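Asker: Take this structure first; my questions come after.
No value in this document is a laboratory result; all are computed from the given coordinates. If you're wondering where the values come from, they're calculated on a predicted model, not measured in any experiment. Positions of Cβ are generated from backbone atoms using ideal geometry, with glycine treated the same way; all protein chains shown enter the neighbour counts.
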Amino acid sequence: MADHPTARDLIASVTDHFTELTVPPTPQPADGPLGWPGYDTQRTRAAARTGETESVVCGTARIGGVDTTLIAFEFGYLGGSLGERTGDRLEAAFTRARELRTPVVSLIATGGSRMQEGMRALIQLRRIAEQSAHTRAAGLPQVAVAYDPTTGGGWATLGAGADVTLAVPGAQIGFAGSRVRPPDADPAAYTAEDQHAHGHVDAVVPQDDLPQELARWLRLLTNPSREPADPPHALTGDGTSRPTGSGWTAVLRARAAERPRAGAYLDAYFTHRVTLSGDRCGGTDDGVTCGFGDHPTHGTIAYAAQLGTATRPEGYRTIARTIRLADRLRIPVLTLVDTPGAANDTEAERRGAGPAIAEVFAAVAESRTPITTLVIGEGGSGGALALTAPGRTWLTPDSYFSVIAPELATAILKRPPTATESTADDLRLRPQDMVDLGLAEGVIGE
């Protein structure tokens, strides 16, 4: 236990101020609901060792100047396990968060459900999930930090169920704890780093950096822009904003190596930003970046941007996750379109390319918060269209948008390869064509 920070240590490390929430304990018979021999003695010893009467400490706090409801696990109290009285405290904390309209931050260190209370302990997971769902429906953000260990029901509810999940380096994270895994299980799969690599954790953050990182997230998630995102200014690769000539010229201009990419646009648009990583289904896509940024005049705006490569299913699911979270928090969204199209290799199909694109179309269609789109490069087919906002789409001079790439259209139409350039003209894919066809509001910079 000496290797694990106490709940009070965790609280002190990230808060400016903390006021504990007092929750009367649920009456229980001797040795708990199961009459587990020696259970009362175990609890008495745990209380004497830690100074706590349960495995969580809850209250209100200020983190980076943001009023917050805080949950901190005491691993020294029976391994931070979840029992009925733990559930009482967690329910009270979530209820208080909804009353005060504050985000919920969970500092998690737990081995899972408490054996000595049997199914009465296990059903606390359903209770936690219900409270989390009510808080989500109230439009309040939930941020979790996974310490070592974060396993079992604590991971499957407060950890993986949070809107944003951070983890400390080397933390053991997974549904299965070390004593219940298959004997041939790879220990690396249960680490913070591996969970991050597979899209289940947004960032691995050193303990010393957590106060600043938590404060950054909380300030962004609680300060939404009251206005729709303005389209960014065009950053043309050739230094001019002249209209595009032929269709094929538009394609070449969009594919030019020196043409500005999403990173340059986001850096120019935001004073600072944070990244949501992963689709929560086991994958990430290096060709997509999503998150929240601070606009210098408007406040927080969410972003989802393609980085110029074929977008993979994991990328589309991450985009859908971002748009839906922004919608719940009433944060406007900026999407940057730049892809030759959706990845269509065998692995992409097996990982659900079609359903993943459908998720983005649905997220955009269902969004109650305004979405603004800027096409900054290639707009390749449905894999690009999924990100576009009806009535709020603009293009840069070095971009194009097409039902399909002109080379592929040429092949489908059984034209000779030499007809590719004329096919590009026939497709009317230039930025000004999109405006003339009523599919875009304008060309930025012209």
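Asker: Sequence-distant or interchain residues sharing an amide H contact under 5 Å with residue 343, placed H: which?
Answerer: 311, 312
Asker: Sticking with this structure for a sec: State the antiparallel share, in %, of DSSP beta bridges confined to the chain, rounding to the nearest 5.
Answerer: Rounded to the nearest five, the antiparallel share is 40 percent.
Asker: Related question: Beyond 18 Å, what share of the Cα-Cα pairs of the stretch 313-358 remains, rounded to the nearest whole percent?
Answerer: Numbers: 375 of 1035 pairs.
Roughly 36 percent, once rounded to a whole number.
Asker: For the stretch 7-221, count all C-alpha to C-alpha pairs, find those more than 21 Å apart, and express that count as a whole percent of the total.
Answerer: Values: 11696 of 23005 pairs.
That tail contains 51 percent of the Cα-Cα pairs.
Asker: Which of the three applies to the stretch 219-289, rounded, prolate or oblate, going by the alpha-carbon gyration tensor with a ≥ b ≥ c and a/c under 1.5 meaning rounded? Don't jump to the answer; show the numbers that get you there.
Answerer: Working: a/c = 2.75, a/b = 1.56, b/c = 1.77.
Here the stretch 219-289 falls in the oblate category.
Asker: Return the ratio Rg/(2.2 N^0.38 Å) for the stretch 237-326, where Rg is computed over Cα atoms only. Show your work: numbers first, answer last.
Answerer: Values: Rg = 15.3 Å, N = 90, 2.2 N^0.38 = 12.2 Å.
Rounded to two decimals, the normalised Rg is 1.26.
Asker: Which angle from 0 to 90°, rounded to the nearest 10, does the C-alpha axis of helix 84-100 make with the longest principal axis of the chain?
Answerer: 50
Asker: Follow-up. Return a whole-number percent for the relative contact order of the chain, with Cα pairs under 8 Å and 6 or more residues apart as the contact set. Don't skip to the answer; put the middle values down first.
Answerer: On the way: 1007 pairs, mean separation 49.2, N = 446.
After rounding, I find 11 percent.
Asker: Cα axis of helix 313-328 to longest principal axis of the chain: angle in degrees, 0 to 90, nearest 10?
Answerer: 70
Asker: Let me ask something else about it. Between the stretch 256-313 and the stretch 150-190, how many Å separate their Cα centres?
Answerer: The two parts, judged by their Cα centres, are 27 Å apart.
Asker: Explain nothing, just compute: Karplus ³J(HN,Hα) = 6.51 cos²θ - 1.76 cosθ + 1.60, θ = phi - 60°, for every residue of the stretch 426-443 in order, whole Hz, x for Gly and Pro.
Answerer: Along the stretch 426-443, the couplings run 4, 6, 6, 9, 5, x, 5, 5, 4, 5, 4, 7, x, 9, 8, 7, x, 9 Hz.
Asker: Separate question: Expressed as an acute angle from 0 to 90° and rounded to the nearest 10, what is the orientation of the C-alpha long axis of helix 353-366 relative to the principal long axis of the chain?
Answerer: Here the helix axis deviates by roughly 90 degrees.
Asker: Further question: Using DSSP to define loop residues, name the trypsin sites (Lys or Arg not before Pro) in the stretch 111-189 whose beta-carbon has at most 15 other beta-carbon atoms within 10 Å. Intermediate values should be presented prior to the final figure.
Answerer: Working: sites: 114, 120, 126, 127, 136, 179; in loops: 114, 179.
Counting only loop positions with at most 15 other Cβ atoms within 10 Å, the trypsin sites (Lys or Arg not before Pro) in the stretch 111-189 are 179.
Asker: While we're on this one: Sorted from largest to smallest, which semi-axis lengths in Å does the alpha carbon gyration tensor of the stretch 284-403 give for its equivalent ellipsoid, taking the root of 5 times each eigenvalue?
Answerer: On the way: eigenvalues 93, 54, 30 Å².
Values for the stretch 284-403, descending: 22, 16, 12 Å.
Asker: Would you please put 331-337, 158-164 in order of how densely packed they are, using the mean number of other Cβ atoms within 10 angstrom per residue and starting with the highest?
Answerer: Values: 331-337: 27.4, 158-164: 23.6.
The peptides rank, most packed first, as 331-337, 158-164.
Asker: Just grab the label-to-label distance for residue 255 and residue 361, each label 7 Å out from Cα along the Cβ direction, in nm (one decimal).
Answerer: Reported label-point gap for residue 255 and residue 361 is 2.7 nm.
Asker: Further question: Test of understanding: what is the full-extension gain from residue 47 to residue 67, defined as 0.36 nm times their sequence separation minus their Cα-Cα distance?
Answerer: Values: separation 20, 0.36 × 20 = 7.20 nm, distance 2.91 nm.
Going from the current span to full extension adds 4.3 nm.
Asker: When only DSSP loop residues count, what trypsin sites (Lys or Arg not before Pro) in the stretch 374-439 have their Cβ near at most 11 other Cβ atoms within 10 Å? Present the calculation step by step, with values, prior to reporting the outcome.
Answerer: Values: sites: 392, 414, 428; in loops: 392, 414, 428.
Within the stretch 374-439, the qualifying trypsin sites (Lys or Arg not before Pro) (loop, at most 11 other Cβ atoms within 10 Å) are 414.
Asker: Note the direction-averaged projected area, equal to a quarter of the hull surface, for the Cα convex hull of the stretch 357-444, in nm².
Answerer: Values: hull surface 23.8 nm².
Average of the hull's projected areas for the stretch 357-444 equals 5.9 nm².
Asker: Which percent, nearest 5, of DSSP beta bridges in the stretch 36-182 are antiparallel?
Answerer: Working: 8 of 25 bridges.
Beta bridges within the stretch 36-182, antiparallel portion: roughly 30 percent.
Asker: Sorted from largest down, give the three principal axis spans of the alpha carbons of the chain, whole angstrom values.
Answerer: Extents along the principal axes, in whole Å: 84, 49, 34.
Asker: Oh, and also: To the nearest 0.05, how large is the calculated FRET efficiency for residue 22 and residue 275 if R₀ is 30 Å and r is the Cβ-Cβ distance? Mind showing how you got there, number by number?
Answerer: Values: r = 38 Å, r/R0 = 1.25.
After rounding to 0.05, the efficiency reads 0.20.
Asker: Using only Cα atoms, locate the centre of the stretch 368-435 and the centre of the stretch 11-44, then give the distance between them in Å, rounded to an integer.
Answerer: Cα centroid to Cα centroid, the span is 60 Å.
Asker: Run the dipole for the chain about the Cα centre, Lys and Arg Cβ at +1, Asp and Glu Cβ at -1, nothing else charged, and hand back the magnitude in debye, nearest 20. Intermediate values should be presented prior to the final figure.
Answerer: On the way: 41 positive and 53 negative charges, 185 e Å.
Roughly 880 debye, rounded to the nearest 20.
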